[in-house]
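Here's the structure, in structure tokens; my notes come after.
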Amino acid sequence: MLDDFSSVTALAGPDTLTQVLLGLRLDGVEYGRCLMRGPWALAFPAQAAARFHFLASGAAWLRTAGTDWVRLKPGDAVLLPHGSFHILASSPDVPTVDIDSLARVAVADNLYLVGAPSGGGAEGSVPADVMFSGTLRFNLDPLHPLIAMMPPVMLTGDLAARDATVPALLDAMEREVALDRIGACGILARLADALAASIIRAWVECGCNDATGWVAAVRCPRIGKVIAAIHADPEGDWSVARMAGLMGASRSRFADAFTRTLGESPARYVAKVKMFQARRWIAQDGMRVATAAERLGYESEASFSRAFKRVIGHAPSLARSG
């Protein structure tokens with residue numbers, strides 16, 4: 001419950017969700033343009049990185065471990081934020097082959113043409129199904145509230161109907177692949193970045209109307225301002241007094257409102273954000289544990305390591321290996 005804070009007029013400047021999404025980036029993006037002639041069925045194994053698919057032409061069916069078959073139409077797209085196992089097929093009754101077993105031809109860095117074997121008929125006698133797929137790695141930690149609360153599958157049909165940005169970006173991506181112009185890979189990476197943020201924004205705005213917890217806090221003008229500030233500067237000294245000052249409330253009122261809205265104390269939330277940042281520094285940038293501890297304001301490497309293990313579940317040294 002937000003009580004009186006929910007009725008406060010929005011503060012000047014960008015809304016809180018926009019501020020959070022400004023920090024959302026994609027690393028290690030890989031694209032594949034798949035050309036299949038039915039019958040075909042591709043199994044995509046579970047992975048840490050997210051996946052998305054855009055059906056440019058033809059028809060396809062999608063199934064995950066927790067859902068029944070769903071039909072995709074040309075122009076439909078799907079985002080799997082957690083990289084869950086799934087199958088894409090021309091028909092639900094076709095035996096699957098692993099996506100990694102298909103031939104791949106590199107067009108440029110991180111861009112491939114992927115071909116599935118024809119299930120029957122002469123080459124060209126069966127219309128091709130064209131799919132544009134991507135593997136995405138969010139720069140946000142998998143335990144970040146925005147990522148952790150996303151559903152396993154996000155179908156963009158309903159979202160695209162409410163947010164014209166989504167289909168426009170998908171169309172632009174398909175044109176870049178089809179035309180194979182100079183600089184296409186760099187443009188595709190930027191389009192994918194914008195597409196992921198747009199899908200997530202549309203999901204938060206259109207699909208989470210009854211959401212509580214983190215999304216409710218982000219939507220609250222005063223608490224949301226504090227959350228955005230913490231994520232923008234995880235290295236900062238986030239005392240209760242400083243956070244209360246940002247919200248414009250006493251320390252006791254701030255702490256009570258924050259805890260009731262998010263279900264955890266401000267100190268616990270700040271610790272989580274700091275550890276998410278530390279894991280990224282150590283795992284992706286190769287930063288020394290002692291350096292991460294110092295940058296995040298811990299008095300000793302030992303106290304930092306205890307906090308890291310409390311939040312992440314293992315010692316910081318293990319983050320370097322994966």
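Things worth noting here:
- The stretch 89-101, residues that are surrounded by fewer than 19 Cβ atoms within 10 Å (Cβ to Cβ) and among the β-branched types (V, I, T): V94, T96, V97
- Residue in the stretch 250-262 that is under 29 Å from A49 (Cα atoms), under 25 Å from the mean Cα position of the chain (by Cα) and modelled with pLDDT under 90 present: yes
- The stretch 24-44 - residue that is assigned to a loop (DSSP other than H, G, I, E, B) and open to solvent by less than 40 Å² (accessible area, probe 1.4 Å) and, of those, modelled with the highest pLDDT: W40
- Hey, L318 of a type outside the set (K, R), surrounded by 14 or more Cβ atoms within 10 Å (Cβ to Cβ) and closer than 19 Å to W238 by Cα or not: no
- Being at pLDDT below 75 and over 18 Å from R63 (Cα atoms) holds for only one residue in L159, L136, and it is L159.
- Test: residue in the stretch 263-270 that is open to solvent by 60 Å² or more (accessible area, probe 1.4 Å), touching a residue at least 60 places away in the same chain (Cβ under 8 Å) and within 17 Å of V215 (Cα to Cα): no
Okay, residues lined up against (1) closer than 18 Å to A172 by Cα; (2) open to solvent by 40 Å² or more (accessible area, probe 1.4 Å); (3) in a loop (DSSP other than H, G, I, E, B):
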residue: Q47; (1), (2), (3): no, yes, yes
residue: F54; (1), (2), (3): yes, no, no
residue: L62; (1), (2), (3): no, no, no
residue: D68; (1), (2), (3): no, yes, yes
residue: R71; (1), (2), (3): no, yes, no
residue: P74; (1), (2), (3): yes, yes, yes
residue: L79; (1), (2), (3): yes, no, no
residue: H82; (1), (2), (3): no, yes, yes
residue: I87; (1), (2), (3): no, no, no
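The values are calculated or read from the model by the stated rules, or taken from the named source; none is laboratory data. Note that the coordinates shown come from a computational prediction; the quantities given were computed from them, not determined experimentally. Every residue, glycine among them, receives a Cβ derived from its backbone with ideal geometry; neighbour counts consider all protein chains shown. Quick note on the areas: whole protein, heavy atoms, side chains included, nothing else; ligands and nucleic acids left out. Shrake-Rupley method; radii C 1.70, N 1.55, O 1.52, S 1.80 Å.
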